[in-house]
Number of protein chains: 4
Amino acid sequence: MSEPFRPAAEGVRTRLFQIIFESDTPLGKGFDIALIVMILASVLVVMLDSVERFGAVYGGLFYWLEWGFTLIFTIELLVRIYILDKPLRYLRSFYGIIDVVAILPTWLMLLIPGTQTLVIVRLLRVLRIFRVLRLMQFVGEGRLLVEALKNSVHQIFLFLFTVFLLVTLFAALVYMIEPDEAGFTSIPMSIYWAIVTLTTVGYGDIVPVTPLGQAISTLVMLIGYSIIAVPTGVFSAEVIRSIRADRYSDQACPGCGHDRHEKRARYCLKCGTWLDEETADPNRASEK
Amino acid sequence: MSEPFRPAAEGVRTRLFQIIFESDTPLGKGFDIALIVMILASVLVVMLDSVERFGAVYGGLFYWLEWGFTLIFTIELLVRIYILDKPLRYLRSFYGIIDVVAILPTWLMLLIPGTQTLVIVRLLRVLRIFRVLRLMQFVGEGRLLVEALKNSVHQIFLFLFTVFLLVTLFAALVYMIEPDEAGFTSIPMSIYWAIVTLTTVGYGDIVPVTPLGQAISTLVMLIGYSIIAVPTGVFSAEVIRSIRADRYSDQACPGCGHDRHEKRARYCLKCGTWLDEETADPNRASEK
Amino acid sequence: MSEPFRPAAEGVRTRLFQIIFESDTPLGKGFDIALIVMILASVLVVMLDSVERFGAVYGGLFYWLEWGFTLIFTIELLVRIYILDKPLRYLRSFYGIIDVVAILPTWLMLLIPGTQTLVIVRLLRVLRIFRVLRLMQFVGEGRLLVEALKNSVHQIFLFLFTVFLLVTLFAALVYMIEPDEAGFTSIPMSIYWAIVTLTTVGYGDIVPVTPLGQAISTLVMLIGYSIIAVPTGVFSAEVIRSIRADRYSDQACPGCGHDRHEKRARYCLKCGTWLDEETADPNRASEK
Amino acid sequence: MSEPFRPAAEGVRTRLFQIIFESDTPLGKGFDIALIVMILASVLVVMLDSVERFGAVYGGLFYWLEWGFTLIFTIELLVRIYILDKPLRYLRSFYGIIDVVAILPTWLMLLIPGTQTLVIVRLLRVLRIFRVLRLMQFVGEGRLLVEALKNSVHQIFLFLFTVFLLVTLFAALVYMIEPDEAGFTSIPMSIYWAIVTLTTVGYGDIVPVTPLGQAISTLVMLIGYSIIAVPTGVFSAEVIRSIRADRYSDQACPGCGHDRHEKRARYCLKCGTWLDEETADPNRASEK
């Protein structure tokens, strides 16, 4: 998320860099907020355009608004490329790819009609909001969350893998039992039904009609209802672990080098050395 | 929730203040309970009135009951204003606003017919129940809960923000794939479907009918099923943290002023001073 | 669950008491298991009788089986009353009430036809299974669970109270917005819809059809999806607290009386006294 | 999961054993991956064959592919049996049974037509993936998960038992209230409805239509919504306990044999002996 693309040390480019890429000046922050507002407005236009009632009446307006936003975002991207010394590295970065993808659908519309709805990916640009939030010291707490997610991703993957295995076996079983008329026309369709059931969504578009099929369905439901405990348990444990780990400072003891002290500790728990090197040890002082 | 609106030191007003604003006298508690019963009765009348079977028969009775409750609540509000020295501050407080809002719909009915159902906001007045519960030492445990909620609100906001981003992107994708006949008539409609699916509600009023749409739907379901772990994990961790924090007394060390000791601690963990000032330090005593 | 109803010290009654009320003899355990099997069989008969396909064919058989079970259970109850010194206290106890209620519907059937289905309450008698399980040291772990449930019941009650408040307010709001044709015919009906939605059940029998109603619905869904974290968090924290509390023995220090030591502790953490009074302190021994 | 079936010490069999049963050589790992790919391909064929669109066109191809996979898996099984000294023990092991079951349906098809779909159980063979994952040090974290599951299985069984009791009682109650036309045609059908409701799946195929039935339904929903907290809480607590237990080393104290020290501990917490036998005790050293 950090953007280490230093501009050449010229006046205008440096100034633009501060405004566009940084958020710690009033102008930079203002630019970020204006950008986010414009992204949201642009997404709103696409959404309203899709509603027939609005699309029929304001279709023309939406069309020109859409082009207006696209032009502004295109100019913005060109300025970003201009002020960077290594523009290609930016274009291959996370935010760079999103910037390109966000304007592509409208330009493509000139060649291939109907790609307009893809403009919605522009929404991903809203992720820039995290930069503004970071300055507002809002995201700080989110760090623990992301760390906990990273630590539990392997286990949750294993969990989903097991879920998928179960789902497929049950789906095949119910496919054999239930008649086609109930909607179980193929195994993939039956898997769709099994996921709808196991995740407790329960649309009701495909529903078992035979007593045996219904009995197996209740089994799938009870499994789905119970095993939600697994990702929740794993993630809860990870958040708690993260919070606890956060209680420890990363300061090493100047005496023995031990580096896992609670942030509130003043003496090393291994060798008793005074930890706060900047002030004198009160115990030592009083010993004199 | 505290109400620091001191009445003038006159007999009647002081007495009324104790009854209406305080709950620690038998009369005050009785007043609160009578009030809650009346609020619930008034809400019940609105509810029953909306049921055609009852509304058709007892419509007239309900009408006069409604006016009766409104008059009582209006008089109560006037008394509250009368006995307070700074009534305007009360009217701008949380409970004051609710008190006004609770009687407004009936009075407005005289001007604009059909606003009667709004009377249901009167239900918010039931929140006064917390005052009675507090006296019954019922809410004490709720304090930890509220604290945990406050601590996790930022993270849960970030979570919902991410959920909404995901939902919009998936909604736009499925909107492009699914035909209008399946109910995906616009992007906002598709967002409605995506939230119904992700939260595992699954009405089944709008349902994907194409294989690709169904495949993407199962993805939305699995995401919804898994990420419920996030708010649950965060909140669990916060409750555990609150409980643990509760283990510490708020007693400061008389020696060094350190104020985070376990309730069971007898010596300061920072400077070793005896914490319980009311009794002698057994170690010191034995040293003599 | 303990049954302190001592029988008179006569041979037959004492023997019957051991068989019927206790489970630690082979015969007593056998009686309990036979009883549970019979209860389940009796419940199964009621269930199958309700299925038209079976009821039409085996209706007569089921009728006599039903009377057979009822006679056996009635005799069992009479024996229980006979062998107890204070039968009335048993009849007012939890299991006593269930025993009476379990045979009542069949006898009532003689007077009032159609009460037969109530026989299903007989299922509550299966709770006796806990006595057998206890002997198999199966329930031991359940104790922590029950304790955690008891500790969190107040908070979960407050939670459900808040949920119900929210549900009613949203229900009234959507009732005003949605037309009757969509199923929102009264406020109670709307409350039914709001609970179906908030608990993420989502039958789809009543569904919002106006854009505004759908927007508010998504709010209800997101609230329902998020606040499930509250009871889960509270209960998780309580289970963890119970497990942790279980780590401590209830043994008090013979030196200073401090009574919160880990089960693995051998010396008092407050005054250093040797905790295991039955054996000698190895440190003291070696000091000699 | 370990397979202690030593082959006779002949060249070819030893070599085949390393390839087929072990995964720590490049060839062995390659064999496992090829096997998993083939299993997945074989399952995919069964799935696609069930889709009418594909089955009608490629039915013949799928038929021969199916037989191809079955022949390969049969040969593989025969080789496994050949290279093991105690093939019967393998055939009775978990993986052995799955291997037989995976090829049986196709061979049975020669005798009984229509058993083909059972081939899907072949999916269970994918469980072999855990062996490859183990080598990639992927499953290590899963160990904690499995341990936590084992510890909570008793409590979750008790929970499901209680749930089933509740479900049956509510089902019988609603069966008596609701008319047959609403779908509540028998108690088992009503139990199906109650599980659909309690697990918050909510298909909507059977739905209460009377006010009383709807009121009881909301109770079932609120119970289902709240008690999900129980398995989640239990499992969360177990995961946390597992993680914490993992913090302790299995190193025993050389002095007193105590074997539950934190991995970071350097001195025995029971007798104060220096734990790290490979280096000298710094305290002892400085005592000289």
Problem set entry | Test result for B:I195, at the interface with chain A (Cβ under 9 Å from one of its Cβ atoms), open to solvent by less than 20 Å² (accessible area, probe 1.4 Å) and touching a helix residue (DSSP H, G or I) at 6+ places or on another chain (Cβ under 6 Å) | no
Exercise. Do the conditions hold for C:V163, that is, is it part of a helix (DSSP H, G or I), open to solvent by 20 Å² or more (accessible area, probe 1.4 Å) and out of contact with any helix residue (DSSP H, G or I) (no Cβ under 6 Å at 6 or more places or on another chain)?
Worked result: no
Exercise. Scanning for something without any contact (Cβ under 8 Å) to a residue 40 or more places away in the chain and within 18 Å of B:I103 (Cβ to Cβ), does the range B:53-62 turn up at least one residue?
Worked result: yes
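Residue-wise test of (1) open to solvent by less than 30 Å² (accessible area, probe 1.4 Å); (2) of a type outside the set (D, E); (3) away from chain D (no Cβ under 14 Å); (4) in a helix (DSSP H, G or I).
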{"site": "C:R13", "(1), (2), (3), (4)": "yes, yes, yes, yes"}
{"site": "C:V43", "(1), (2), (3), (4)": "yes, yes, no, yes"}
{"site": "C:F62", "(1), (2), (3), (4)": "yes, yes, no, yes"}
{"site": "C:Y82", "(1), (2), (3), (4)": "no, yes, yes, yes"}
{"site": "C:R89", "(1), (2), (3), (4)": "no, yes, yes, yes"}
{"site": "C:I120", "(1), (2), (3), (4)": "yes, yes, no, yes"}
For this session: Tell me which of these D:Y203 doesn't satisfy, since it passes every other one: (1) more than 9 Å from every other protein chain (Cβ to nearest Cβ); (2) under 33 Å from the mean Cα position of the chain (by Cα).
Result: (1)
For this session: Taking D:F94 as the residue in question, decide whether it is modelled with pLDDT under 85 and not β-branched (V, I, T).
Result: yes
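Count, please, the residues in the range A:174-188 that happen to be open to solvent by 30 Å² or more (accessible area, probe 1.4 Å) and more than 8 Å from every other protein chain (Cβ to nearest Cβ).
4
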For this session: Could you tell me whether the range D:228-244 includes any residue that is surrounded by fewer than 19 Cβ atoms within 10 Å (Cβ to Cβ) and modelled with pLDDT under 90?
Result: yes
Exercise. Which condition number in (1) closer than 22 Å to C:V230 by Cβ; (2) within 8 Å of chain A (Cβ to nearest Cβ); (3) part of a helix (DSSP H, G or I) is the one that B:V239 fails?
Worked result: (2)
Exercise. Which of the residues spanning the range D:179-200 are assigned to a helix (DSSP H, G or I), out of contact with any Phe, Trp or Tyr (no Cβ under 7 Å at 6 or more places or on another chain) and β-branched (V, I, T)?
Worked result: D:I191, D:I195, D:T197
Problem set entry | Residues being open to solvent by less than 60 Å² (accessible area, probe 1.4 Å) and either at pLDDT below 85 or in contact with a Lys or Arg (Cβ under 6 Å, 6 or more places away or on another chain) (or both) - total across the range A:18-35 | 7
Seminar exercise, completed: Scanning the range B:221-234 for residues that are part of a helix (DSSP H, G or I) and at the interface with chain A (Cβ under 9 Å from one of its Cβ atoms) gives B:M221, B:L222, B:G224, B:Y225, B:S226, B:I227, B:A229, B:V230, B:T232, B:G233, B:V234
Exercise. Of the residues A:V101, A:V153, A:V132, A:V146, which single one is in a helix (DSSP H, G or I), aliphatic (A, V, I, L, M), under 19 Å from the mean Cα position of the chain (by Cα) and at pLDDT below 75?
Worked result: A:V132
Exercise. Which members of the range C:151-166 meet the condition of being more than 9 Å from every other protein chain (Cβ to nearest Cβ) and hydrophobic (A, V, I, L, M, F, W, C)?
Worked result: C:V153, C:L166
Exercise. Residue check, B:I72 against (1) touching a Phe, Trp or Tyr at 6+ places or on another chain (Cβ under 7 Å); (2) of a type in the set (V, I, T); (3) open to solvent by 30 Å² or more (accessible area, probe 1.4 Å), all met but one. Which one?
Worked result: (1)
Exercise. Does D:L169 meet the test of being modelled with pLDDT under 90, within 18 Å of C:S50 (Cβ to Cβ) and within 7 Å of chain C (Cβ to nearest Cβ)?
Worked result: yes
Problem set entry | Selection count where residues are open to solvent by 20 Å² or more (accessible area, probe 1.4 Å), of a type in the set (A, V, I, L, M) and free of Cβ contacts under 8 Å to residues at least 40 places away in the same chain, scope the range C:208-223 | 4
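The values are calculated or read from the model by the stated rules, or taken from the named source; none is laboratory data. Here the structure is a predicted model, which means the values were calculated and not measured. Glycine gets a Cβ as well: all are built from the backbone with ideal geometry, and neighbour counts include every protein chain shown. What goes into the accessible areas is simple: the full protein's heavy atoms, side chains included, and nothing from ligands, DNA or RNA. Shrake-Rupley method; radii C 1.70, N 1.55, O 1.52, S 1.80 Å.
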